[in-house]
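Peer 1: Before we start, here is the structure in question, set down as structure tokens.
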Amino acid sequence: MRYNNENGFEGDVWDANTGALEGKYKGVLGASTAQQVIQKNSEAWRGFFDTKNKYHDESNTSVTEHPEPPGFRGNEDDGRQLKTVIRNTSYTVEWGERSRLEILVGRELKDQYDHTGRLRLEIAGDPNWPDYEKQGRLDLWYDETDSTFRASQPVTVSDDARDTPLADETAALDIGANNLVACTTTTGEQYLYEGRELFQRFRETARKIARLQSKLEDGRYSSKRIRRLYRKRTCRRDHAQEALCRDLLERLYAEGINTVYIGGLTDVLDTHWSVETNAKTHNFWAFKKFAERLACTAEEYGILIEVRSEAWTSQECPQCGSTNRTIRHQDTLTCPCGFDGHADLTASETFLRRHIEQAVRPMARPVRFEWDDHRWSELPHSHESPKEQRTDPSTVHCDGNVASGVVRKSEISVMTRISDSRTKSA
Ligand SMILES: [Zn+2]
């Protein structure tokens with residue numbers, strides 16, 4: 001508000017009376033958390049001013065767009081997003097059969113919850129890096145789409161904690177909207193992550209947003225409902241993408257893959273797709289972000305990700321090599337030469353054969369996966385092997401700015417026993 005010179009908030013942002021805020025909230029949050037929130041806020045502003053200076057510095061070409069100043073999380077009408085940070089020395093995590101997180105709270109909450117002055121919370125999930133040397137500042141927030149609290153714990157691990165590939169096999173991915181990922185490996189495995197339902201919901205939300213936008217009064221561009229829909233839509237997609245990266249890379253690692261080629265959005269080339277649909281597909285996939293997320297997760301396994309543009313792979317017949325005689329209808333690719341196969345899986349296989357010299361083993365039956373809002377599960381009819389039991393409901397979050405490959409994050413869900421904790425922590 002000071003940055004915008006709003007009434008009653010004149011002066012520099014650094015003149016804000018953070019000491020008074022700390023005094024006001026430390027009774028509930030504890031002094032260290034009150035300080036951490038202020039510190040995180042200051043970091044955001046320092047980062048903003050630093051980027052802004054680079055933008056205005058003509059000799060510096062690293063910043064080409066004016067940065068946005070830090071804003072509020074959420075907004076006044078809609079409610080703020082519930083999020084906090086806990087200093088690395090103010091929390092402990094105990095992993096085991098009944099994993100738990102303990103955080104320091106302020107004096108005012110001591111009697112209410114636990115006379116030790118620590119709030120104890122149950123955790124669902126396992127750490128991604130069980131053997132860490134040091135823990136960093138914990139992020140704790142409320143995930144509205146899942147109605148659960150989540151925490152992200154950055155940890156420092158030694159470099160030999162990183163996995164190395166078990167063999168030097170290769171995989172290729174075809175990325176699309178109907179099938180999010182079609183994958184073929186040189187070991188003869190094929191995986192298909194179905195995205196039809198997810199994509200449809202994404203488009204439904206887009207239509208809902210458009211309807212609401214058309215009803216806005218003149219001069220208004222957004223409303224709290226619209227903002228909320230956007231946010232939910234993004235969260236849902238990100239969650240599914242994160243879980244997909246993890247699920248896929250675990251499988252590829254077990255197969256001995258060391259290099260993964262990704263081709264971008266081939267089914268967009270399908271002629272019956274309109275320009276508008278294409279734009280929405282790109283928007284839905286946020287392809288660059290997905291590739292980054294995949295690369296970031298792959299780093300943990302020592303797997304290399306290479307992006308290649310694959311203009312014609314999706315149309316190419318693997319049997320005769322024709323690209324202009326093939327017909328793609330929904331998920332099927334047919335060719336006058338007699339070929340008939342799954343379009344996206346075929347595309348990933350063609351793509352794979354193009355990039356490798358090694359032999360590809362005969363293909364096993366493809367394994368199909370479906371998203372159920374929490375995890376990707378194998379469709380029962382898709383494979384002979386019994387459905388894999390997954391006991392870890394957590395997804396692992398990696399935000400792409402990992403420095404020098406030593407700081408990792410595990411995302412965990414926190415099941416709180418405090419009744420009505422949303423309102424209380426607000
Ligand atoms: Zn053919």
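Peer 1: Does segment 188-211 include one or more residues that are of a type in the set (A, V, I, L, M, F, W, C), in contact with a Ser or Thr (Cβ under 7 Å, 6 or more places away or on another chain) and buried (at least 21 other Cβ atoms within 10 Å of the Cβ)?
Peer 2: For segment 188-211, residues of a type in the set (A, V, I, L, M, F, W, C), in contact with a Ser or Thr (Cβ under 7 Å, 6 or more places away or on another chain) and buried (at least 21 other Cβ atoms within 10 Å of the Cβ): absent.
Peer 1: Of the residues that make up segment 52-68, is at least one touching a strand residue (DSSP E or B) at 6+ places or on another chain (Cβ under 8 Å), aromatic (Phe, Trp, Tyr) and over 26 Å from Pro154 (Cα atoms)? Steps first, answer last, please.
Peer 2: Here is the first cut: in segment 52-68, the ones touching a strand residue (DSSP E or B) at 6+ places or on another chain (Cβ under 8 Å) are none.
Within segment 52-68, not a single residue is touching a strand residue (DSSP E or B) at 6+ places or on another chain (Cβ under 8 Å), aromatic (Phe, Trp, Tyr) and over 26 Å from Pro154 (Cα atoms).
Peer 1: What are the residue pairs meeting all of these: first residue in segment 316-328, first residue among the β-branched types (Val, Ile, Thr), second residue surrounded by fewer than 14 Cβ atoms within 10 Å (Cβ to Cβ) and in a loop (DSSP other than H, G, I, E, B), Cβ atoms under 8 Å, and 6 or more apart or on different chains?
Peer 2: Thr323/Trp312
Peer 1: Would you confirm whether or not segment 80-99 contains a residue that is over 26 Å from the mean Cα position of the chain (by Cα) and of a type in the set (Ser, Thr, Tyr)?
Peer 2: Yes, the conditions are met somewhere in segment 80-99.
Peer 1: Now, a different point. Taking the options Thr89, Thr164, name whichever one is exposed (fewer than 15 other Cβ atoms within 10 Å of the Cβ), part of a loop (DSSP other than H, G, I, E, B), in contact (Cβ under 8 Å) with a residue 60 or more places away in the chain and among the polar types (S, T, N, Q).
Peer 2: Thr164
Peer 1: Here's another thing I want to ask about it. Working carefully through the options Arg368, Arg361, Arg308, Arg325, find the one that is at pLDDT 75 or above, surrounded by 12 or more Cβ atoms within 10 Å (Cβ to Cβ) and within 14 Å of the ligand (Cβ to nearest atom).
Peer 2: Arg325
Peer 1: Here is a follow-up. Do you know which residues across segment 184-229 are within 30 Å of Arg354 (Cβ to Cβ) and in a helix (DSSP H, G or I)? Can you show your working first?
Peer 2: Of segment 184-229, the ones within 30 Å of Arg354 (Cβ to Cβ) are 184-196, 198-199.
Scanning segment 184-229 gives Arg196, Leu198, Phe199.
Peer 1: Which members of segment 60-74 meet the condition of being in a loop (DSSP other than H, G, I, E, B) and of a type outside the set (A, V, I, L, M, F, W, C)? Even if it seems obvious, please write down each step before you answer.
Peer 2: Kept after step one, since they are in a loop (DSSP other than H, G, I, E, B), are these residues of segment 60-74: 60-73.
Within segment 60-74, Asn60, Thr61, Ser62, Thr64, Glu65, His66, Pro67, Glu68, Pro69, Pro70, Gly71, Arg73 meet the criteria.
Peer 1: Looking only at segment 311-322, filter to residues that are within 8 Å of the ligand (Cβ to nearest atom) and within 19 Å of Leu173 (Cα to Cα); which one of those is modelled with the lowest pLDDT?
Peer 2: Pro318
Peer 1: Mind listing whichever residues of segment 334-349 are in a strand (DSSP E or B) and either in contact (Cβ under 8 Å) with a residue 60 or more places away in the chain or more than 11 Å from the ligand (Cβ to nearest atom) (or both)?
Peer 2: Answer for segment 334-349, where residues must be in a strand (DSSP E or B) and either in contact (Cβ under 8 Å) with a residue 60 or more places away in the chain or more than 11 Å from the ligand (Cβ to nearest atom) (or both): just His342.
Peer 1: Which residues, counting only those in segment 194-235, are of a type in the set (Ser, Thr, Tyr) and modelled with pLDDT of 80 or more?
Peer 2: Thr205, Ser214, Tyr230, Thr234
Peer 1: Next question. Please count how many residues of segment 164-193 are modelled with pLDDT under 90 and within 23 Å of the chain's Cα centre (by Cα).
Peer 2: Total satisfying the criteria: 7.
Peer 1: Restricting segment 1-23 to residues that are among the charged types (D, E, K, R) and exposed (fewer than 12 other Cβ atoms within 10 Å of the Cβ), which is nearest to Asp111 (Cα to Cα)?
Peer 2: Restricting to residues being among the charged types (D, E, K, R) and exposed (fewer than 12 other Cβ atoms within 10 Å of the Cβ), the top hit is Asp15.
Peer 1: Then there's this: Please give the number of the condition Asp111 fails out of (1) assigned to a helix (DSSP H, G or I); (2) surrounded by 11 or more Cβ atoms within 10 Å (Cβ to Cβ).
Peer 2: (2)
The values are calculated or read from the model by the stated rules, or taken from the named source; none is laboratory data. Note that the coordinates shown come from a computational prediction; the quantities given were computed from them, not determined experimentally. FYI the Cβ positions are ideal-geometry reconstructions off the backbone, even for glycines, and counts take in every protein chain you see.
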